[in-house]
Amino acid sequence: MYVERVLSGMRPTGALHLGHYHGVLQNWVKLQHEYPCLFFVADWHALTTDYDNPQNIEKNTWDMIIDWLAAGVDPNQATLFIQSKVPEHAELHLLLSMMTPLGWLERVPTYKDQQEKLDNKDLSTYGFLGYPLLMSADILIYRADKVPVGEDQIPHVEFTRELARRFNHMYGREPGFEDKAKEAVKKLGSKKSRLYEELRKRFQQEGDREAIEQAHALLDEVQHLAVADRERLFGYLEGGGKMILAEPGYLLTEASKMPGLDGQKMSKSYNNTITLRETAESVSKKVRAMPTDPARVRRNDPGEPEKCPVWQLHQVYSDEGCKEWVQQGCRSAGIGCLDCKQPVIDGILREQAPMRERAQRYMEDPALVKNIVADGCEKARELARETMRDVREAMGLEYH
Ligand code: TRP
Ligand code: SF4
């Protein structure tokens with residue numbers, strides 16, 4: 001049976017914080033049990049905006065990978081690698097650039113948005129314009145079926161889908177395609193090939209989308225089908241040529257609801273974060289310094305949790321009993337704010353304990369991390385090489 005593949009990347013921004021954990025990382029940890037997953041550091045993407053300041057990329061990359069491992073991403077389940085260590089991404093990016101209309105890139109909404117937002121920087125560069133194309137290469141080179149991304153990245157996945165379609169349309173017509181496709185249909189066996197033909201006809205003559213979905217499901221079930229035949233059968237369904245690049249779908253990662261120390265969303269740019277591996281002293285100090293309901297000037301002034309950022313953290317870390325105690329104690333001035341903050345501090349430290357423990361091993365033995373990544377890069381490269389063989393051949397670059 002064909003198993004769907006998940007791929008996602010993250011730019012190396014340095015130490016990750018609890019907002020990342022409650023958003024992206026917990027999601028990755030869950031996905032790794034459900035699908036074969038590839039997770040990578042998009043270090044070239046970091047250069048699209050930080051080309052003038054590359055000194056930190058390497059350190060940020062290692063720190064981030066340690067954070068992934070600390071959060072529970074398991075190198076035995078998922079493949080972890082670094083984009084620039086799989087140079088095939090760059091080759092695919094180049095080849096795709098030949099057939100990518102400039103207007104498509106200029107119209108990606110993040111292009112102008114980010115240029116305006118980061119206006120202290122000159123982003124009228126070739127590399128920055130190509131950001132979504134590089135991301136497409138990242139996705140298409142692994143024929144990823146599902147790409148977990150935040151809402152802001154959805155246009156990039158849509159762009160990737162359109163590009164894959166254009167590519168297949170343009171280069172998917174191998175000589176003798178019809179005959180080869182018909183041969184491949186026969187290989188399905190008599191019962192399945194009859195069903196396939198019927199579904200194909202229903203789609204081609206009546207435009208029945210359901211038929212196409214059923215046909216995809218049928219093909220997903222078939223074992224022992226050569227990759228090339230599989231691609232032909234997918235392509236033949238819709239009347240086009242061979243499906244060389246797969247159109248990816250996305251999995252929307254819900255935005256993290258993790259509040260920061262000031263009640264806004266936790267984010268590095270608000271300077272309100274607690275990092276995954278922050279020391280216990282620092283966690284304690286930061287939470288103790290958090291602002292509270294301004295009405296509680298003195299210890300015996302009553303307060304209102306709804307007006308206090310500490311209360312938002314109780315929503316993440318405290319059980320019902322504790323929350324009851326807070327509401328009651330705050331409104332009656334029965335507890336002080338430092339009393340109220342203690343269970344939050346405890347909750348964060350409890351959450352961090354296994355992360356700190358896992359990270360400790362890797363920090364003590366950096367070779368362990370290097371090996372995990374070297375293995376991951378090797379696995380990723382194998383997959384990437386396979387796709388590149390097909391791409392080169394489709395684009396007339398297979399020098400036999
Ligand atoms: N652009 C993504 C982000 O900023 C990171 C990224 C690069 C990515 N290549 C990718 C995500 C491929 C998913 C798939 O979050
Ligand atoms: Fe906030 Fe707790 Fe102080 Fe009330 S008692 S103001 S909820 S920190």
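Couple of notes before you dig in:
- Pairs exceeding a 28 Å alpha-carbon distance, out of Lys257/Lys286; Lys112/Lys307; Lys257/Lys379; Lys121/Lys265; Lys30/Lys187; Lys286/Lys323: Lys112/Lys307; Lys257/Lys379; Lys30/Lys187.
- Packing, taken as the mean count of other beta carbons within 10 Å per residue, orders the peptides 120-126, 381-387, 278-284 from highest to lowest as 381-387, 278-284, 120-126.
- Here the sum of -39500 (n - 2.57) over DSSP H runs of 4 or more residues, divided by the residues of the chain, equals -18000 deg cm²/dmol at 222 nm, to the nearest 500.
- Accessible solvent surface per residue of the chain, calculated while the other protein chains remain in place, 1.4 angstrom probe, Å²: 51
- Computed over protein heavy atoms with a 1.4 Å probe, the carbon and sulfur contribution to the accessible area of the chain reaches 50%.
- With only Cα atoms counted, the chain has Rg and Dmax values of 25.5, 86 Å.
- Measuring only protein heavy atoms, the 1.4 Å probe finds His169 accessible over about 130 Å².
- Reduced Cα scattering model of the range 177-237, Debye log10 I(q)/I(0), q = 0.21, 0.23, 0.24 Å⁻¹: -0.75, -0.90, -0.98
- Basic side chains Lys and Arg get +1 at the Cβ, acidic Asp and Glu get -1 at the Cβ, and with that the dipole of the chain about its Cα centre reaches some 240 debye.
- Once the Cα-Cα distance is subtracted from the 0.36 nm per residue extended length, the Val3 to Glu398 segment shows a gain of 139.3 nm.
- When Met10, Met98, Met258 are compared by accessible area at a 1.4 angstrom probe, the order from most to least is Met98, Met10, Met258.
- The modelled label-to-label distance for the pair Glu221/Glu206, using points 7 Å beyond Cα in the direction of Cβ, is 2.0 nm.
- Ranked by the mean number of other Cβ atoms within 10 Å of their residues, highest first, the peptides 240-246, 349-355 fall in the order 240-246, 349-355.
- The range 256-298 shape via C-alpha gyration tensor axes, a/c threshold 1.5: oblate
- Charged side chains reduced to their Cβ positions (Lys and Arg at +1, Asp and Glu at -1) give the range 177-237 a dipole of some 240 debye around its Cα centre.
- Accessible-area value, Lys379, 1.4 Å probe, nucleic acids and ligands omitted, Å²: 110
- Under the combined filter of DSSP loop state and at most 15 neighbouring Cβ atoms within 10 Å, the range 1-83 retains these GluC sites (Glu not before Pro): Glu4.
- The convex hull of the Cα atoms of the range 245-400, projected and averaged over all directions, covers 14.2 nm².
- Taking a quarter of the surface of the Cα convex hull of the range 278-363 gives a mean projected area of 5.6 nm².
- Projecting the Cα atoms of Tyr131, Leu80, Thr49 onto the charge dipole of the range 1-157 (Cβ charges, centred on the Cα centre) puts Leu80 farthest toward the positive pole.
The values are calculated or read from the model by the stated rules, or taken from the named source; none is laboratory data. As the structure is a prediction and not an experimental result, all values here were calculated from the model. Neighbour counts run over all protein chains shown; Cβ positions are idealised from the backbone, glycine included. What goes into the accessible areas is simple: the full protein's heavy atoms, side chains included, and nothing from ligands, DNA or RNA. Shrake-Rupley method; radii C 1.70, N 1.55, O 1.52, S 1.80 Å.
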